[in-house]
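The values are calculated or read from the model by the stated rules, or taken from the named source; none is laboratory data. As the structure is a computational prediction, the values presented were derived from the model and not from experiment. Here Cβ is always computed from backbone atoms with ideal geometry, including for glycine, and neighbour counts include all displayed protein chains. What goes into the accessible areas is simple: the full protein's heavy atoms, side chains included, and nothing from ligands, DNA or RNA. Shrake-Rupley method; radii C 1.70, N 1.55, O 1.52, S 1.80 Å.
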Amino acid sequence: MAEFGTTIFAEMSALAVATGSINLGQGFPDTDGPASLLESAAEAIRAGKGNQYPPGPGVPELRQAVAGHRQRHYGLSYDPDREILITAGATEAIAATMLGLLNPGDEVIALEPYYDSYAATIAMAGARRVPVTLHPPRFELDGDALRRAVTPRTRMLLINSPHNPTGAVLSRAELAVIAAVAIEHDLVVVTDEVYEHLVFDDAVHIPLATLPGMRDRTVSISSAGKTFSVTGWKIGWVMAAPPLLDAVRTAKQFLTFVSGGPFQYAVAGALNTLGADFYTGLRDDLTGKRDLLAAGLTAAGFRVYQPRGTYFITADVAHLADDGLTFCRELPSRCGVVAIPSTVFYDNKAAGASLVRFAFCKQDHVLREAVTRLATLGA
């Protein structure tokens, strides 16, 4: 049986509290989402909408709103009743997908480094993860490595773009390689797209399901938490063709059953009413935060790999410490800042040994103070 101990996030967050450090480890914003969204949730609670068990697949209003959002932004059409499932965040969506679609002994190819729940939920399903490593400085997909990773036991490709923790955004050419491998070997592809609206510079998020032949073999996952800065609400969704979604739903009903009724109504309203100005503002605001922290890290002597998406910056600390894990455990006492060692996201520990991840989804004054503290490392 697999053993799952305390996560690095819990360890580092506790260290932040104990030392009074600025926590740039865990990826959640320190401000709430749009006022209209928050008020909609309060209104739903007062009106008794969702205070009792909502429908198992999710409230119809949210499933319809998710379908509308997918159609407007990407031209993808999903049936709200048969092809969309509401979950307790993307983490539950991933777990239900692994449990619903994998059999013991199946192999899952995932892009390494990867979000820690991937490894845990693949193991829970009795399957085996097979990493394909993304390497700095650009963390691009090696198509040949992906092809070599496929075996007769491969069942699934697990893709995350925009990518946590590296901030890479898969290009159309990289997605085409993934699609070709999936079609050639008749594989299911699961795409974690929770950072879909958090892309910078010239980066564009392209859902894999838009590529020819991929719509009906792709399980697409996203959520409200990152887009609307309400990570504590845990409202996510799965979009897939009925045969795939039915399997995910079967597993999901025995996990949380249902969750977040009033929040579901509020998220539906946000998806329906917040327009291009909101998404542009989100992108511009986070671009500024990224640039602020990246400049500060560079000035402090870090080698910074500029992200094109997500909340995160990866930096190399090889010249500052023996390894990233030791560096992150010592950083709070050295200068009062917390980061996450990237090695925890790797099976191939050597590939991430000197890398650390900083979150920049914080208020500007917090980031400026963190930069000031980090500058003392060279003193």
For the stretch 19-35, which residues satisfy the criterion of being among the aliphatic types (A, V, I, L, M) and either closer than 13 Å to Leu331 by Cβ or not in a helix (DSSP H, G or I) (or both)?
Ile22, Leu24
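Residues of the stretch 151-173 being of a type in the set (Ser, Thr, Tyr), closer than 21 Å to Arg217 by Cβ and touching a residue at least 40 places away in the same chain (Cβ under 8 Å), which ones? So that I can check it myself, show each step before the final result.
In the first step, residues of the stretch 151-173 are kept if they are of a type in the set (Ser, Thr, Tyr); the result is 151, 154, 161, 166, 171.
Still in the list and also closer than 21 Å to Arg217 by Cβ: 151, 154, 161, 171.
Matches in the stretch 151-173: Thr151, Thr154, Ser161.
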State all residues of the stretch 135-170 that are under 20 Å from Ala90 (Cβ atoms) and not polar (S, T, N, Q); if no residue qualifies, say none.
Met156, Leu157, Leu158, Ile159, Pro162, His163, Pro165, Gly167, Ala168, Val169, Leu170
Please state which one of Ile183, Ile178 is among the aliphatic types (A, V, I, L, M), in contact with a Gly (Cβ under 9 Å, 6 or more places away or on another chain) and open to solvent by 40 Å² or more (accessible area, probe 1.4 Å).
Ile183
Surrounded by 23 or more Cβ atoms within 10 Å (Cβ to Cβ) and over 14 Å from the mean Cα position of the chain (by Cα) - does that describe any residue in the stretch 199-211?
yes
Cβ-Cβ under 6 Å, sequence separation 6+ or interchain: first residue in the stretch 305-323 and touching a residue at least 40 places away in the same chain (Cβ under 8 Å) and of a type in the set (Asp, Glu), partner surrounded by fewer than 24 Cβ atoms within 10 Å (Cβ to Cβ) and assigned to a loop (DSSP other than H, G, I, E, B). Which pairs?
Asp316/Ser354
Those residues of the stretch 69-92 which are within 28 Å of Arg172 (Cα to Cα), small (Gly, Ala, Ser) and open to solvent by less than 20 Å² (accessible area, probe 1.4 Å), in sequence order
Gly89, Ala90
Could you please find all residues in the stretch 350-376 being buried (at least 17 other Cβ atoms within 10 Å of the Cβ) and either farther than 24 Å from Pro29 by Cβ or modelled with pLDDT under 95 (or both)?
Ala351, Gly352, Ala353, Ser354
Single unsatisfied condition, Leu320 versus (1) more than 25 Å from Ser117 (Cβ to Cβ); (2) part of a helix (DSSP H, G or I)
(2)
Of the residues in the stretch 327-344, those that are surrounded by fewer than 24 Cβ atoms within 10 Å (Cβ to Cβ) and either in contact (Cβ under 8 Å) with a residue 12 or more places away in the chain or not in a helix (DSSP H, G or I) (or both) come to Phe327, Arg329, Pro332, Ser333, Arg334, Cys335, Gly336, Thr343, Val344
Under 6 Å by Cβ, and 6 or more places apart or on different chains, what pairs join a residue from the stretch 57-68 that is closer than 9 Å to Ile84 by Cα with one that is open to solvent by 20 Å² or more (accessible area, probe 1.4 Å)?
Arg63/Pro80; Gln64/Pro80; Ala67/Pro80
Among the residues of the stretch 34-52, are any open to solvent by less than 20 Å² (accessible area, probe 1.4 Å) and out of contact with any helix residue (DSSP H, G or I) (no Cβ under 7 Å at 6 or more places or on another chain)?
no
Take Ala119 and decide whether it is open to solvent by less than 10 Å² (accessible area, probe 1.4 Å) and among the small types (Gly, Ala, Ser).
no
If Met239 meets every condition in (1) open to solvent by 40 Å² or more (accessible area, probe 1.4 Å); (2) within 17 Å of Gly56 (Cα to Cα); (3) among the hydrophobic types (A, V, I, L, M, F, W, C) apart from one, which number is that one?
(1)
